[in-house]
1. Taking Asn38 as meeting all but one of (1) without any contact (Cβ under 8 Å) to a residue 40 or more places away in the chain; (2) over 26 Å from His147 (Cα atoms); (3) surrounded by 14 or more Cβ atoms within 10 Å (Cβ to Cβ), write down the number of the exception.
2. Quick check on my filter: what residues within the range 75-109 are modelled with pLDDT under 55 and either under 23 Å from Asp29 (Cα atoms) or assigned to a loop (DSSP other than H, G, I, E, B) (or both)?
3. Among the residues of the range 58-69, count how many are surrounded by 14 or more Cβ atoms within 10 Å (Cβ to Cβ) and part of a loop (DSSP other than H, G, I, E, B).
4. Assess whether Ser72 counts as being modelled with pLDDT of 50 or more, under 16 Å from the mean Cα position of the chain (by Cα) and closer than 30 Å to His45 by Cα.
5. Being part of a helix (DSSP H, G or I) and exposed (fewer than 15 other Cβ atoms within 10 Å of the Cβ) is the filter here; which residues of the range 42-57 pass it?
6. Give the residues of the range 1-41 that are part of a loop (DSSP other than H, G, I, E, B) and among the aliphatic types (A, V, I, L, M), sorted by residue number.
7. Under the condition of being closer than 18 Å to Met77 by Cα and of a type outside the set (A, V, I, L, M), which residue from the range 9-35 is surrounded by the most Cβ atoms within 10 Å (Cβ to Cβ)?
Amino acid sequence: QDTKPYRHPVRENKMTCSDCHNAHGGPGDADLAKPSVNETCYTCHADKRGPYLWEHAPAAEDCLLCHTAHGSIHRDMLTRRQPQLCQSCHEPIGGVGARSRHARLALSYREPGEIDVGPDIGGLGISRLVLAEGCANCHTKVHGTNHPSGAKLMR
């Protein structure tokens, strides 16, 4: 954990291993202090607990489906970078076509440093999803939301 760029602040003495683990055994797997991974995570990350009107089921099931507990090379301690993490369960791009929101937003192309010009007909340019941008740029409430427009987990 100490060598990963995205990790819990153990090295900074803001937390210790015993914040999550019980050295003498615990009610959960891996000697967790709480009965489940999610309950252990919610000790510090209560804002992710819910309940939510619009819930992203994997987040409620197990935090480790998307996050690594002991550090990662990916932002937010994710197991993979976006959009590959999202696309491991979701279709890579829903509803591709001239009228599709994703055709304009997720698939718009641009030359480096230039403005978006819409879907690239000739195959030139760079997809925004490939340029270190991802699904969470628009789908900001990936754990869940109570917002009226939250069916697509949008802000």
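1. Tallying (1) without any contact (Cβ under 8 Å) to a residue 40 or more places away in the chain; (2) over 26 Å from His147 (Cα atoms); (3) surrounded by 14 or more Cβ atoms within 10 Å (Cβ to Cβ), Asn38 fails exactly one: (2).
2. Residues satisfying the conditions are Ile93, Gly94, Gly95, Val96, Gly97, Ala98, Arg99, Ser100, Ala106, Leu107.
3. Residues flagged as surrounded by 14 or more Cβ atoms within 10 Å (Cβ to Cβ) and part of a loop (DSSP other than H, G, I, E, B) within the range 58-69 amount to 3.
4. Details: modelled with pLDDT of 50 or more: yes; under 16 Å from the mean Cα position of the chain (by Cα): yes; closer than 30 Å to His45 by Cα: yes.
Yes: the conditions hold for Ser72.
5. Ala46, Asp47, Ala57 - these are the residues of the range 42-57 that are part of a helix (DSSP H, G or I) and exposed (fewer than 15 other Cβ atoms within 10 Å of the Cβ).
6. Initially, the range 1-41 is screened for residues part of a loop (DSSP other than H, G, I, E, B), giving 1-5, 7-16, 20, 22-28, 33-36.
Of everything in the range 1-41, those that are part of a loop (DSSP other than H, G, I, E, B) and among the aliphatic types (A, V, I, L, M) turn out to be Val10, Met15, Ala23, Ala33.
7. Residues of the range 9-35 closer than 18 Å to Met77 by Cα: 9-12, 14-17, 19-20.
The next check asks that each one be of a type outside the set (A, V, I, L, M); those that pass are 9, 11-12, 14, 16-17, 19-20.
On the way: Pro9: 8, Arg11: 11, Glu12: 8, Lys14: 9, Thr16: 10, Cys17: 13, Asp19: 13, Cys20: 22.
Looking at residues that are closer than 18 Å to Met77 by Cα and of a type outside the set (A, V, I, L, M), I get Cys20.
The values are calculated or read from the model by the stated rules, or taken from the named source; none is laboratory data. If you're wondering where the values come from, they're calculated on a predicted model, not measured in any experiment. Methodologically, a virtual Cβ is constructed for each residue, glycine included, from the backbone with ideal geometry; neighbour enumeration extends over all protein chains shown.
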